[in-house]
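To start, the structure under review is shown below, and the notes come after it.
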Amino acid sequence: MAPKALKEGEIVKFTVFRFDPSKDKAPYYVEYEVPYRPGMTVLDGLLYILEELDPTLSFRYSCRSKICGSCAMMINGVQRLACETQISELGKRIKVEPLAHFAIIRDLVVDMEPFLRQMEAIMPYLYPKEHSSEPRVDPKEFEKYKSPSDCIWCGACVSACPVASTDPLFLGPAALTQLYRFAVDSREREDVKPLRLLIADSEASGVWRCHQVYACAEVCPKHIKPGSVIAELKRMTLKARLVGKI
Amino acid sequence: MERHEVLVVGGGLAGLRAAVEAKLRGADVAVLSLIYPMRSHSVAAQGGINAALGNADPSDSIERHAFDTVKGADYLADQDAVEEYCRDAIERVLELDRWGCPFSRFPDGRIAQRPFGGAGFPRTCYAADKTGHAVMHTIFQQALRLGVTFYNERAVLRLAVDEKGVRGLVAMNLQTGELETYEAKAVIMATGGAGRIYARTTNSHHSTGYGMAMAYWAGAPLEDMEFIQFHPTTLYGTNILISEAARGEGGILLNAKGERFMKRYAPEKMELAPRDIVARAIWTEVLEGRGFENEYVHLVISHLGAEKIMERLPQIWELALKFAGVDAREEPIPVQPGQHYTMGGIETDKHGRTRVLGLYAAGECACVSVHGANRLGGNSLLECVVFGARAGAAAAEDVVSRHFDAKEAVEKALREVEDRIKSLNKKGAEENHSNPYRIKREMRETMWKHVGIFRDREGLEAGVEKLRRLRKEYYEKAGVPEGPKVFNLALVDALILEGMLDVALTVAEGALAREESRGGHYRTDFPKRDDENWLKHTLAFYTPEGPKLDYKPVVITKWPPTERKY
């Protein structure tokens, strides 16, 4: 992270994607000049534009500390969270565009609904067992779902995945990672487990559609490795099939 | 007009838990959320959630949890409510575990617990240092499983109220820009804290307090608003939260002279004294010239070792690296106090009911009060699940005897919102209108400067006057040029500013009136707690001219107030 020598007050040029589907025939780009201050992030830059230069700009944001997942967008062509991206990493020219392969609602705001339908399709919730007391969880089991549980539903991995971005049937890296997360949790009812693996095994939408490109892992802001998780899910699915569990 | 028996305003932890409970009890329930629910600020809670499970130390008990909470609150908490809260804690946390919350574990498989500020035992259950994310996603998942209805990206702007209570509400659908009306028999406010009324805050951009303002306008008083928690350790520069877990795991605080200064302020508990005490200690060091750059002190965790840091505190390690360029495995983290939590809020009883029929509140926007003058770390996630569940249960029970009848009240509320938008757009077309973002910035600076960690009459009077001036300017001159309908952030932010200004005024007026020091409210001109005159809750009632203050007694059951020593 060698910071470029940006000085306080120096002008950073933001080239921002603009598009209002209700009136614009085609997207266009607007250039804004943002005075740099130390520690400034791309989100800070966008907020400066909104508050001082152009009240019509639209984008999503909330926590500003990389935990809510609102502000995934293309920054200089790569899926990143605007809130965690330091301007000093990028230098004096920054191009900001909506998350690739998502439909655009306006400007940098994309339609998250297809992504959410993918997530919901894998039943992203645990079917609880009845326990009389506190369940014991083997720390080894905990290690399996620890990292996948960190998912913030930002959509970066789905945007980066070459399969998910061209095949709307594929469940995609985020949803399959969540599927795995629940499939390995022993606190869930046993009778649900085969159903989970059947969903994973679906020819049209499941794990076999993953080509193991690992673009997902490169962009995940929470350092989850969906490609590796899916590879493990493939093994689990295959095993279940071989022993006749599904 | 959409119609549901129970409407929950806010998709964070308290709102989701309320919705789950109402749904489990058979009510028709829908959640309206300004942002997608999984974006809610509950995800930013880090350190943990308290429950006297006794996993770390079997001699812990519900009663000890209650006592620590009452003492931490500087005796302003209602003790009957605290006792029930600490009792419910155990079942609510075990339920989270059954629902799949990824809690960190002891080697024997039980939920791990760590020490936290102001607590007599290691009582804080955690999921590394991402507990809020873990807990809130768990409840969100269960809400999805149960089929709770969601209206996402809806900015709720007004409650519709008549003489029989709440009838519904008016919201803007951000994705279309249209105003929508909703009819309900019960409305549960779960809109979070008001951190953004302050310049330096750990809170998300959407923690504006607007939900509190809506309840206040609807006739529910705001309780104990002057009690603001300043978190001792927020990252210098951005004020991003650096969890108390860092100190719970053994982190220490050093001033610029290399002194472990907490020994002068809390010789026994040191860094694990309650937050109000540690925050004042840090700020005293800075103000007296023993800080770095007159702004911050050092939080040192490097002696814990890289392995423990990466296991227990991975998020704060990454936040310090990303946002301050500091590798906490080797270097100290620069920290300063920042606004963190709103102890006050919409006055409720132990079941989330307000004085307005059909209106409920839970979570940070509410004041039961279990936190009194200072909340202990690990008690806010707990508050969301305990009182979220209680409010959801109460609403589901009460709707049986309430009827839908919203038309007139909703139309009136809709007209109010339309008029406000028209007024902002009309002024926005005028050459010399005021930029609402500038008004907001001045409000936030005023709150930090005059209604901050240390307060006195002179500063508070100046603060109140400035806030009143900004409020006047807002109504007379604030404008937003007519813009795109869809996702018009500038318009929504300007609408929300109206509520922020009113909420800020309740904090400042309450602080000016309260001539004592207690918990998070510290008056340099009245540095002692004064139980004779001020062992009472403040209530702020809305009037168009500003808040009208009243008071009510504190409920004392087992623990008579004594001096708070740590």
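With a 1.4 Å probe, what is the total accessible area buried between chains B and A, in Å² rounded to the nearest 100? The contact between A and B buries close to 5100 Å². For chain B, the equivalent ellipsoid derived from the alpha-carbon gyration tensor has semi-axes of 35, 28, 23 Å in decreasing order. Remark: the Cα gyration tensor places segment A:39-155 in the prolate category, a/c being 1.5 or greater and a/b exceeding b/c.
In order along segment B:293-307, phi translates into HN-Hα couplings of 6, 6, 9, 8, 10, 9, 9, 10, 10, 4, 5, 6, x, 4, 5 Hz, rounded to whole numbers, per the Karplus curve 6.51 cos²θ - 1.76 cosθ + 1.60 with θ = phi - 60° and x for Gly and Pro. With distances taken between every two different alpha-carbon atoms, segment B:502-566 has a Kirkwood hydrodynamic radius of 13.2 Å. With a cut-off of 15 Å between beta carbons, the residues surrounding B:Glu84 carry a summed charge of -2, where Lys and Arg count +1 and Asp and Glu -1. A quarter of the convex hull surface defined by the alpha-carbon atoms of the protein assembly as shown gives 32.2 nm² as the mean projection. Counting only alpha carbon atoms, the long axis of helix B:131-146 and the longest principal axis of chain B meet at about 40°. Burial annotation for segment B:90-114: residues with an accessible-area loss of at least 30 Å² between the isolated chain and the complete set of protein chains, computed on heavy atoms with a 1.4 Å probe, are B:Leu94, B:Asp97, B:Arg98, B:Gly100, B:Pro102, B:Arg105, B:Gly109, B:Arg110. Residue-wise HN-Hα couplings along segment B:383-400, as the Karplus relation 6.51 cos²θ - 1.76 cosθ + 1.60 with θ = phi - 60° gives them from phi, are 4, 5, 6, 5, 7, x, 4, 5, 5, x, 5, 4, 5, 4, 6, 6, 5, 4 Hz; Gly and Pro carry x. Segment A:196-246 and segment A:1-76 have Cα centres spaced 35 Å apart. Other residues lying with their Cβ under 9 Å from the Cβ of B:Lys427 contribute a combined charge of 0, Lys and Arg counting +1, Asp and Glu -1.
Within segment A:26-56, the residues that become at least 50 Å² less accessible when every protein chain is included than when their own chain is isolated (1.4 Å probe; DNA, RNA and ligands ignored) are A:Glu51, A:Pro55.
B:Glu545 sits with roughly 130 Å² accessible to a 1.4 Å probe, with DNA, RNA and ligands left out of the calculation. DSSP bridge analysis restricted to the protein assembly as shown gives an antiparallel fraction near 70%, rounded to the nearest 5. At a threshold of 50 Å², the residues of segment A:182-200 that become less accessible to a 1.4 Å probe in the full protein assembly than in their chain on its own are A:Arg187. Compared with the dominant Cα axis of chain B, that is its longest principal axis, helix B:314-324 is turned about 80°. Any chance you could check the Cα centroid distance between segment B:227-288 and segment B:119-161 for me, in angstrom? Centre-to-centre (Cα) distance: 28 Å.
Classified by the C-alpha gyration tensor, segment B:1-113 has a prolate form. Its axis ratio a/c, with a ≥ b ≥ c, is 1.5 or above, and a/b is larger than b/c. Accessible area per residue was computed with a 1.4 Å probe on protein heavy atoms; A:Arg209 scores about 60 Å².
Taking the protein heavy atoms of chain B in the context of the full set of protein chains, the accessible area attributed to carbon and sulfur is 48 percent at 1.4 Å.
Within 10 Å of the Cβ of each residue in B:486-492, the mean number of Cβ atoms contributed by other protein chains is 6. Restricting the calculation to Cα atoms, segment B:209-359 shows an Rg/Rh of 1.09 when the hydrodynamic-style radius is the Kirkwood one.
Our coupling estimate for segment A:54-62, obtained by passing each phi through the Karplus curve with A = 6.51, B = -1.76, C = 1.60 and θ = phi - 60°, is 8, x, 8, 5, 10, 6, 9, 6, 7 Hz, Gly and Pro reported as x. The residues of the protein assembly as shown present an accessible area of 35 Å² per residue when probed at 1.4 Å with all protein chains retained.
Here the Kirkwood formula, the inverse mean of 1/r across different C-alpha pairs, assigns chain A a hydrodynamic radius of 19.7 Å.
Surface composition of segment A:118-208: carbon and sulfur atoms hold 56% of the protein heavy-atom accessible area at a 1.4 Å probe. For segment A:107-246, the C-alpha radius of gyration sits at 1.05 times the compact-globule guess of 2.2 N^0.38 Å, with N the residue count. Distant-in-sequence amide contacts of B:Met225, defined by a placed amide H-H separation under 5 Å and a gap of 5 or more residues or a different chain, comprise B:Gly345.
Among the residues of B:311-323, the average count of other protein chain beta-carbon atoms within 10 Å of the residue beta-carbon is 3. Amide H contacts of B:Ala366: B:Ile346, each under 5 Å away and 5 or more positions distant or on a separate chain (H built 1.01 Å from N in the peptide plane; Pro and chain starts excluded).
Available extension along the chain between B:Leu24 and B:Asn294 is 91.9 nm, counting 0.36 nm per residue and deducting the alpha carbon span. Each label was represented as a point 7 Å from its Cα along the Cα-to-Cβ direction; for A:Lys245 and B:Lys528 these points are 6.9 nm apart.
Amide H to amide H, with H built 1.01 Å from N, A:Tyr127 comes under 5 Å of A:Arg189, counting only residues 5 or more places away or on other chains. Every helix of 4 or more DSSP H residues in chain B counts as -39500 (n - 2.57), and over all residues that averages to -12000 deg cm²/dmol at 222 nm.
The values are calculated or read from the model by the stated rules, or taken from the named source; none is laboratory data. Quick caveat: nothing in here was measured; it's all calculated off a predicted structure. Every residue, glycine as well, gets a Cβ built from its backbone with ideal geometry; the counts of neighbours run over all protein chains shown. Accessible surface areas use protein heavy atoms only, side chains included; no ligands, DNA or RNA. Shrake-Rupley method; radii C 1.70, N 1.55, O 1.52, S 1.80 Å.
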